[in-house]
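> This structure is in structure tokens; I'll ask about it shortly.
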Amino acid sequence: NDCSFMAMDSDGMVSMLIGTEPADTEGGASIESYTWQWSPILDTVGLRKSVDDSFWPVQVQDGKLVCVPLKGGNVHPDVVRRPVTTTLGLRLPMVRNNLENGGNLLEEASVRAKLALTQKRFITD
């Protein structure tokens, strides 16, 4: 919803382009002085039901990837029939600690909040 630039690579990793303001400018930086980096926001590999499955991205909206599931090694949706879309909630690909699952959720929420704040600052500047 915030016009962030997203991309999905051929391995199924969805990433968002993040603009980070230099630390010494405190809100007065021009866009040319931002540092740009790709931040992974969803790894779809673990969501596939078979190794031949993949996802065709349509859009990211409200924290969800709207996509068309592709089965059996298809590389694009069938254009003759209207493809059925599904939504996948964005989950940052992070190292999971089996001992503290609640800690993983808290860490992911913290990182997501920081990414959202960074994007909001960039959009409003």
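> For VAL68, indicate whether it is touching a Pro at 6+ places or on another chain (Cβ under 8 Å) and within 30 Å of GLY19 (Cα to Cα).
yes
> Can you give me the number of residues within segment 60-73 that are farther than 13 Å from ASP43 by Cα and either hydroxyl-bearing (Ser, Thr, Tyr) or surrounded by 11 or more Cβ atoms within 10 Å (Cβ to Cβ) (or both)?
8
> So, LEU105, is that one at pLDDT below 85 and not acidic (Asp, Glu) or not?
So LEU105 passes the test.
> Between a residue in segment 101-115 that is among the β-branched types (Val, Ile, Thr) and any residue that is modelled with pLDDT of 75 or more, which pairs come within a Cβ distance under 8 Å, given they are 6 or more apart or on different chains?
From residues that are among the β-branched types (Val, Ile, Thr), the pairs are VAL111/LEU92.
The values are calculated or read from the model by the stated rules, or taken from the named source; none is laboratory data. What you see is a predicted model; the values in this text were computed from it and never measured. No Cβ is skipped: glycine too gets one built from the backbone with ideal geometry, and neighbour counts run over all protein chains shown.
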